[in-house]
Amino acid sequence: MLRQLNKRVGAIPDEQQRQIEVLSLEQLEALAEALLDFSTITDLVGWLQNQATR
């Protein structure tokens, strides 16, 4: 997942890498789908923040 994100939006900051590493399988599957719509790191950060509020 990190390699795909890195290819899609560029280098993933350590903080976001740590957040991704603790996602559940269900959340990782949702992220895999959502990353197709990402164009910047801001999209990833927003998605992760949305997951944290659930």
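The values are calculated or read from the model by the stated rules, or taken from the named source; none is laboratory data. This one's a predicted model, so the numbers in the text were calculated from it and none came from an experiment. Just the protein is used for accessible areas: all its heavy atoms, side chains included, with ligands, DNA and RNA removed. Shrake-Rupley method; radii C 1.70, N 1.55, O 1.52, S 1.80 Å.
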* Taking the Cα atoms only, what angle lies between the long axis of helix 41-52 and the longest principal axis of the chain, rounded to 10 degrees? -> 0 degrees
* Structure fact -> Rounded to the nearest 10, the angle in degrees between the Cα long axis of helix 25-34 and the longest principal axis of the Cα atoms of the chain comes to 40 degrees
* **Contact order normalised by residue count of the chain, Cα under 8 Å, 6+ apart, percent** => 44 percent
* Structure fact -> Heavy-atom accessible area of the chain with neighbours in place, 1.4 angstrom probe: carbon+sulfur share in percent works out to 48 percent
* To do: Would you mind computing Rg(Cα) / (2.2 N^0.38 Å) for the chain, counting N as its residues?
  => 0.99
